1. When segment 179-238 is examined, which residues are found to be polar (S, T, N, Q), modelled with pLDDT of 80 or more and farther than 27 Å from His25 by Cβ?
2. Do you know which residues across segment 69-83 are within 54 Å of the chain's Cα centre (by Cα) and outside any helix (DSSP H, G or I)?
3. Suppose the filter is hydrophobic (A, V, I, L, M, F, W, C) and either closer than 22 Å to Arg38 by Cα or within 41 Å of the chain's Cα centre (by Cα) (or both); does Val63 pass it?
4. Among the numbered conditions (1) assigned to a strand (DSSP E or B); (2) over 22 Å from Val141 (Cβ atoms); (3) over 37 Å from the mean Cα position of the chain (by Cα), tell me where Glu126 comes up short.
5. Checking Leu27 against (1) closer than 22 Å to Ala182 by Cβ; (2) surrounded by fewer than 20 Cβ atoms within 10 Å (Cβ to Cβ): exactly one of these is not met. Which one?
6. If I ask for residues that are surrounded by 13 or more Cβ atoms within 10 Å (Cβ to Cβ), more than 24 Å from Trp84 (Cβ to Cβ) and small (Gly, Ala, Ser), which ones from segment 34-55 would you list?
7. Can you go through Ala50, Ala105 and tell me which one is at pLDDT 85 or above and either over 30 Å from Leu187 (Cα atoms) or part of a strand (DSSP E or B) (or both)?
Amino acid sequence: MERIAFTPVQSLCGGSDPSSRQWVHILPKGTISARDGRTFCLSRPEQVIAKTLEWAKTADIPVDYEHQTDLAKTNGQPAPAAGWVKKLEVRENGIWALIEWTERAAAMIARKEYRYVSPTIMTERETGEIAFIRSVALVNVPALMMTALTKSELSAMNGMEMEMVRKSLGLTDDADQNEIIAAITALRQELENATRKLKEIEPKSLSAMTGALEILSAERAAARRTHVKTKVENAIRDGVIVPAMQEWAIELCSSNETSFDHFTKSVGRPFAGLFEPVITPEMEARLNASIESDSIFDDSDANRIASQLGIDPKQMKS
């Protein structure tokens, strides 16, 4: 492991009166090239934060002046804190730290006596991969080009407006402007992700809906055909129309059922007689009774029936 101290270009001047708490970009993501030729790599920022917190245990990570925490053993000078790292967070462009500045450091930053930060890191000697962060320092000699902090438009809000924004975002009452911006950014990202997923789902849903509508349409068409066919068959059975008119009746009923109903009511049952039996059940019963009693030749009804059938009454006997 090798201890490396370097100074990323990180402006801390967010206005004439910086907050005592401030989110600061302390490490960029990816390959990091310093002006002195050294190269480092931050490819696993989540792992770096985890190892940093494991190393710090319950203590806050110190922010000093000019890396004096690392130099105190050799120069014998005190290493007062300029602030303390309260949180570490991975963002799209690297690792950010929520620093709570001391009153002195905040005043110096406001006067632009210090404008940049530099973390002291531990790296893997062979690969240059950053392992964890030991401390952070206020410096004035930048080595890397990084994102600069600027004054947020949220600073124009009054206390009541800021309180409403914090509550709307589910933040604590002491959340600063950078935390609010981070929460808004996270919400925006969630919205973008949800919109993207919705766009991915829409074609599938549309296809499924189209298929369901096609099935429903086919089922309704089949039910309609069955209804029309049954209605025409009933009209034929009742003697309203003859079988030869079936195709015409189906076409009319399919296209305009109201007209078909009006037609059937208007014409009545002109063909009813064609489908009624010549010999009624009563007549057939009387004929059978006459045959069984050998009175067929004396029964005028039986003789009349035989005559209607065109046969000799005597043949009915045999």
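1. Across segment 179-238, the qualifying residues are Ser217, Thr226, Thr230, Asn234.
2. Ala79, Pro80, Ala81, Ala82, Gly83
3. On the way: hydrophobic (A, V, I, L, M, F, W, C): yes; either closer than 22 Å to Arg38 by Cα or within 41 Å of the chain's Cα centre (by Cα) (or both): no.
Here the answer is no, as Val63 does not meet what is asked.
4. The number of the failed condition is (1).
5. (2)
6. The answer is Ala34, and nothing else.
7. Working: Ala50 fails: either over 30 Å from Leu187 (Cα atoms) or part of a strand (DSSP E or B) (or both).
Within the list Ala50, Ala105, the selection yields Ala105.
The values are calculated or read from the model by the stated rules, or taken from the named source; none is laboratory data. For clarity, every value in this text was computed on a predicted model and none was experimentally measured. No Cβ is skipped: glycine too gets one built from the backbone with ideal geometry, and neighbour counts run over all protein chains shown.
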